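Participant: Have a look at the structure that comes next, please.
The values are calculated or read from the model by the stated rules, or taken from the named source; none is laboratory data. Computed from a predicted model, the values in this text were never measured in an experiment. Ideal geometry is used to build each Cβ from the backbone, glycine not excepted, and the neighbour counts take in all protein chains shown. Areas reflect the complete protein model, heavy atoms only, side chains present, ligands, DNA and RNA absent. Shrake-Rupley method; radii C 1.70, N 1.55, O 1.52, S 1.80 Å.
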Amino acid sequence: MRILGYVRVSSIKQVDEGNSINNQIKMIKDYCDYMNYDLLDIFIDQGKSGLNINRDGLKDLLEVIKNEKIDGVIVYSLSRLGRKLKDVINLIDYFNKNNIRFISLKENFDNSGIMGKLILNIMGSVNEFEVNQLGERIRDVKKYKKNNKQVFGGIIPFGVNELKGNLIKNNDEMEVLK
């Protein structure tokens, strides 16, 4: 079976440390060796969010699928493929239409049977839920910090200064604003 691998990390810190990418690659290679699959290539997206479907490594993978006879795509985890349920479903649907087996190691399933398809939909929903929940927590923390006159990210607004994580009114700049 001719297989392509795909790995991704979201943060620059993960890119710098290299552990996550290396672990994903090792797991894919080990699985393919064990199953006696012909791993043709592993496509990598470093420092790319799974919320954005326009990733160079993913685009390259899809291009190879379009132009070569590929039997399967393997990822370490479904979340590496994408974080939006709609995007994941569209990718899996594309694989299905092209008779490409999709394998996710961490969740221990593939798209070749009805149980795998059920698990895929459940896990895709869970991934999207996790992203939405994280976004809510971040918004809540920013709102709390803003309400308590603390630095909450981004550029410090004109009229205030930052002092030990707190926003302090800058009277000179406030006069300019008036």
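Participant: Of (1) open to solvent by 60 Å² or more (accessible area, probe 1.4 Å); (2) over 30 Å from the mean Cα position of the chain (by Cα), Q133 satisfies all except one. Which?
Facilitator: All conditions are met except number (2).
Participant: Next up: Looking only at residues that are loosely packed, with under 15 Cβ neighbours inside 10 Å and under 15 Å from the mean Cα position of the chain (by Cα) in region 56-105, which one is farthest from F43 (Cα to Cα)?
Facilitator: Across region 56-105, the extreme among qualifying residues is K86.
Participant: Enumerate the pairs (first residue in region 156-178 and acidic (D, E); second residue anywhere and open to solvent by 80 Å² or more (accessible area, probe 1.4 Å)) with beta-carbon separation below 6 Å, excluding pairs fewer than 6 apart on the same chain, so at least 6 apart or on different chains.
Facilitator: E173/F158
Participant: Name the strands (runs of 3 or more DSSP E) wholly inside region 1-107 in which the number of residues that are within 18 Å of I119 (Cβ to Cβ) and either in contact (Cβ under 8 Å) with a residue 12 or more places away in the chain or in contact with a His (Cβ under 9 Å, 6 or more places away or on another chain) (or both) is 3 or more.
Facilitator: 72-75, 101-104
Participant: Mind listing just one residue for me: the one in region 142-155 that is surrounded by 11 or more Cβ atoms within 10 Å (Cβ to Cβ) and modelled with pLDDT of 80 or more and, of those, nearest to the chain's Cα centre (by Cα)?
Facilitator: The qualifying residue nearest to the chain's Cα centre (by Cα) is K143.
Participant: Within region 107-116, does at least one residue satisfy the condition of being of a type in the set (A, V, I, L, M) and open to solvent by 60 Å² or more (accessible area, probe 1.4 Å)?
Facilitator: yes
Participant: OK, next. Please work out if L177 is of a type in the set (A, V, I, L, M), surrounded by fewer than 18 Cβ atoms within 10 Å (Cβ to Cβ) and farther than 30 Å from G57 by Cα.
Facilitator: Answer is yes for this residue.
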